[in-house]
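A quick write-up on the structure given underneath.
No lab work stands behind these numbers, since they all come straight from the coordinates. If you're wondering where the values come from, they're calculated on a predicted model, not measured in any experiment. Note that we place each Cβ from the backbone using ideal geometry, even for glycine, and neighbour counts take in every protein chain shown.
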Amino acid sequence: MSGRTCARVCPERTCVGCRERAAKGDLLRTVLVEDACVPDRRGTLPGRGAYVHPTTVCLDLAVRRRAFPRAFRGPGPLDTAALRRYIEQSARAEQTTP
Ligand SMILES: [Zn+2]
C-alpha cells in the first residue's frame, strides 16, 4: 500500500470520453447549465461536474457514448456546442503557440 500517497496530493478524475484516469488538472471540468454542457475552466461553478480531456477526440467519444447525460443524470441529449467551441479554440491556441 505504499507509493499511493500521490492520490491524496494530486486528485485523479476519470475522463468521460476515453475513461482513462488523469490528474484533475489535466482534465477540463464541465458543468451542466440548463441543458448545456459548459466548460468550467476554474473549477468553481456549482453543481455536479464531469471531467473530460480538453480534446475533440475525447469530447466526441463522450458525446457518442452519451456520457454527459449519464454523468449529469439528465434525461436526454445535452448541448455540447459551447464546450466544443471552447475545446477547439484552446486546441487552436496551442497549435499556434511557437
Ligand atoms: Zn480522455
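The value given for the chain is a Kirkwood hydrodynamic radius of 14.0 Å, derived from the mean inverse Cα-Cα separation.
Of all segments of the chain bounded by trypsin sites (Lys or Arg not before Pro) found in a DSSP loop with no more than 14 other C-beta atoms within 10 Å, the longest spans 74-98.
Around residue 91, under 15 Å between beta carbons, what's the net of Lys plus Arg minus Asp minus Glu among the other residues?
Net charge around residue 91: 0.
Using a simple charge model, +1 on the beta-carbon of Lys and Arg, -1 on the beta-carbon of Asp and Glu, nothing else, what dipole does the chain show about its Cα centre, in debye to the nearest 20? Around 360 debye, computed over the chain.
For the range 1-88, GluC sites (Glu not before Pro) are listed when DSSP marks them as loop and at most 13 other Cβ atoms sit within 10 Å of their Cβ; the list is 20, 34. For residue 23, the shell of other residues with beta-carbons less than 9 Å away shows a net charge of +1, using +1 for Lys and Arg and -1 for Asp and Glu. Residue exposure proxy: 10, 37, 15, ordered by other Cβ atoms within 10 angstrom of their Cβ from fewest to most, comes out as 10, 15, 37.
Extension gain for residue 44-residue 19 works out to 6.7 nm (0.36 nm per residue, less the C-alpha to C-alpha distance).
Length gain on complete extension for the stretch residue 35 to residue 84, per 0.36 nm per residue less the alpha carbon to alpha carbon distance?
16.2 nm
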